[in-house]
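Encoded as structure tokens, the structure appears first; notes follow it.
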Amino acid sequence: MSDNSSPAPFNLDHYESMSFDVLIVGAGPSGLAAAIRLRQCALERGEDISICVLEKAPEVGRHTLSGAVLETKSLDILLPDWKDRNPPLDAPATEDLFWFLTKKYHIKLPTPPQMNNHGNFIISLGRVCAWLAGIAEGMGIDIFPGFAAVDIIPDPQNQGIKGVITGDMGRQKNGDQGTSFQPGIAILARQTLIAEGCRGSLAQKIMGQFNLRKNAQHQTYGLGIKELWEIDKNISSPGKIIHTIGWPLNQTTYGGSFLYHLNQQKMAIGFVVGLDYKNPHLSPYKEFQRFKHHPSILPMLEGGRRISYGARTISEGGFQSIPELAFPGGLLIGDAAGFLNVPKIKGVHTSMMSGIIAAETVFDALISHKDHHAPIPTLSDFQTRLKKTWLWDELYRARNIRPSFRFSLFGAVAYSALDTFILRGRAPWTLAHKTPDHKTLLHKDKSKPIKYPQPDGIVSFDRLSNLTFSGTNHEQDQPCHLKLSDDSVPVQQNLKLFDAPEQLFCPAGVYEIIDLSENNPKLQINAQNCLHCKACEIKDPHQNITWTPPQGGEGPNYESM
């Protein structure tokens, strides 16, 4: 279904329903911050506001993956006493290193001020979200994990939305109802906050339906791939942070790595590749595996063991790509709206701040419009309020760093130094993002093939063996949640022109061309492998793939990621 399609006729009589004042879709940092701040506002004013948070993971945090280093400024605002609440902040940052890698060596570069992590904490974002969820539930907020929101409920009164539908459970692969079938539920609300994270399916539909991107540039994305390791005690240095650029990527491919030393001999190691890369033979996953064999990286992993694996896309468009945030019936918040500070490589604090301001905006609207039968006007003042906060200024000052990569790696480093140290983010121009990610691939015959080394099974791994460390599970007898608009495109277009790049940009082996040797190639979709990273929907050159939520509770099952 096209994101720009009109809402289909909708009959609520087909569903059991529940009603709340505010519905929040997604129990990530923005959604949970919004829920907590709403309850705080209600308690401060003696008001009774019902709040529901839907989360597609089986438990809060189990679908959450991030680097991650936390800047606590939003936490200071939301929970001033957070230090007394036993937060799962793993290790305070102690050392920042920034390396440029050649094939054999590393060159230490000055750490950009955006990457100065003094006062920050290395965390597992999944554990932090679980902690915030516990606080929210203790305040009387209803959180329903295991329920995936699959569609919006149109509101004829204000031509907007009035809630969401959760997905059916127990449908068979052909769409028929199985013996354990349970229909979805209609969750109704006076205001709905969309906090799904990067490339959320409802956010995409809403942005298209209400033309929220009319004054914004297209979004651009990166694919982050991460492993959690237990490393040798003599190597472990809790609080140490290393970022790298350069090898194994070429000068025109955006990306880099992170290595974060946590407590208990744990280290998070990850690699981010901008999805605007041009070579269809490039595999972000294999670039990551090759990276781990660099002479400056390998010694940190020797004697250790990988204990978890995952992948997720991130929104890299920044300030230029922020859409209109308000629509009739709700708001976009967090990374669903693209609040990532790319040069900082941080989005948790910005996402939480967007949730805090959204909560205050919604609360004021609910108090001003107590008639439940009358629609609340579109909350356009949400964006106005955000513009008065540090969040807006922070993203504005960072706006030119990512698009400066048009000058290739060395040009971008030089420009970023000028923008950061001389202009201090106040350049009288704003660089535009160039081509959307799905349009950047060159034809296969115009691209140099890349020969990747075979994984050794010790430091580097093939995708399917690594996938077992993600806890991913999907019931196979259900409709495929990865939809093709045209079944002929994978072979007639993608294979013919680009050598089937979906086989390479997916970090979980979901897409596979089979029967190639028999001269009858076809695409096989291994949907049970899906990590919910959304790279396929973003990078597919013909935009032929649509990611939709599978049955609630299914997907990766991350622990401490």
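The values are calculated or read from the model by the stated rules, or taken from the named source; none is laboratory data. In this text the structure is predicted, and so the values were computed from the model without any measurement. In this analysis, Cβ positions are derived from the backbone assuming ideal geometry, glycine residues included, and neighbour counts consider all displayed protein chains. SASA here: full protein model, heavy atoms, side chains in, ligands and nucleic acids out. Shrake-Rupley method; radii C 1.70, N 1.55, O 1.52, S 1.80 Å.
Kindly indicate whether any position in region 163-173 is free of Cβ contacts under 8 Å to residues at least 12 places away in the same chain, over 13 Å from I24 (Cα atoms) and not acidic (D, E). No; the residues of region 163-173 include none that is free of Cβ contacts under 8 Å to residues at least 12 places away in the same chain, over 13 Å from I24 (Cα atoms) and not acidic (D, E).
Only one of the numbered conditions (1) without any contact (Cβ under 8 Å) to a residue 60 or more places away in the chain; (2) in a helix (DSSP H, G or I) is violated by I356, and that is (1).
Is one or more of the residues making up region 535-551 part of a loop (DSSP other than H, G, I, E, B), among the hydrophobic types (A, V, I, L, M, F, W, C) and at pLDDT 95 or above? Looking through region 535-551, none of the residues is part of a loop (DSSP other than H, G, I, E, B), among the hydrophobic types (A, V, I, L, M, F, W, C) and at pLDDT 95 or above. Could you tell me whether any residue of region 166-175 is within 28 Å of H14 (Cβ to Cβ), among the aliphatic types (A, V, I, L, M) and under 22 Å from the mean Cα position of the chain (by Cα)? No, because not a single residue in region 166-175 is within 28 Å of H14 (Cβ to Cβ), among the aliphatic types (A, V, I, L, M) and under 22 Å from the mean Cα position of the chain (by Cα). Kindly indicate whether any position in region 157-179 is in contact with a Lys or Arg (Cβ under 9 Å, 6 or more places away or on another chain) and open to solvent by 50 Å² or more (accessible area, probe 1.4 Å). Yes; the residues of region 157-179 include at least one that is in contact with a Lys or Arg (Cβ under 9 Å, 6 or more places away or on another chain) and open to solvent by 50 Å² or more (accessible area, probe 1.4 Å). Given the options L482, L431, L464, L495, name the one that is modelled with pLDDT of 95 or more and either open to solvent by 70 Å² or more (accessible area, probe 1.4 Å) or β-branched (V, I, T) (or both). After ruling out the rest, the residue left standing is L464.
Within region 66-90, the residues that satisfy the criterion of being aliphatic (A, V, I, L, M) and either touching a strand residue (DSSP E or B) at 6+ places or on another chain (Cβ under 7 Å) or modelled with pLDDT under 95 (or both) are A68, V69, L70, L89. Consider A417 carefully, then state whether it is surrounded by fewer than 15 Cβ atoms within 10 Å (Cβ to Cβ) and hydrophobic (A, V, I, L, M, F, W, C). Yes, satisfied.
Please verify whether region 531-545 includes one or more residues that are hydrophobic (A, V, I, L, M, F, W, C), open to solvent by less than 20 Å² (accessible area, probe 1.4 Å) and in contact with a Gly (Cβ under 7 Å, 6 or more places away or on another chain). Before you say what the answer is, go through the steps one by one.
At the first step, the residues of region 531-545 found to be hydrophobic (A, V, I, L, M, F, W, C) are 531, 533, 535-536, 538, 545.
From what's left, open to solvent by less than 20 Å² (accessible area, probe 1.4 Å): 531, 533, 535-536, 538, 545.
Next, only the ones that are in contact with a Gly (Cβ under 7 Å, 6 or more places away or on another chain) stay: 531.
Yes.
Restricting the search to strands (runs of 3 or more DSSP E) fully inside region 38-122 and requiring at least 3 residues that are touching a residue at least 12 places away in the same chain (Cβ under 8 Å) and open to solvent by less than 40 Å² (accessible area, probe 1.4 Å) gives 51-55, 89-92, 95-101. Taken together, the residues in region 390-445 that are assigned to a loop (DSSP other than H, G, I, E, B) and out of contact with any Leu (no Cβ under 6 Å at 6 or more places or on another chain) amount to 21.
Determine which member of the set K370, K344, K388 is closer than 28 Å to F258 by Cβ and open to solvent by 10 Å² or more (accessible area, probe 1.4 Å).
Working: K370 fails: closer than 28 Å to F258 by Cβ; K388 fails: closer than 28 Å to F258 by Cβ.
The match here is K344.
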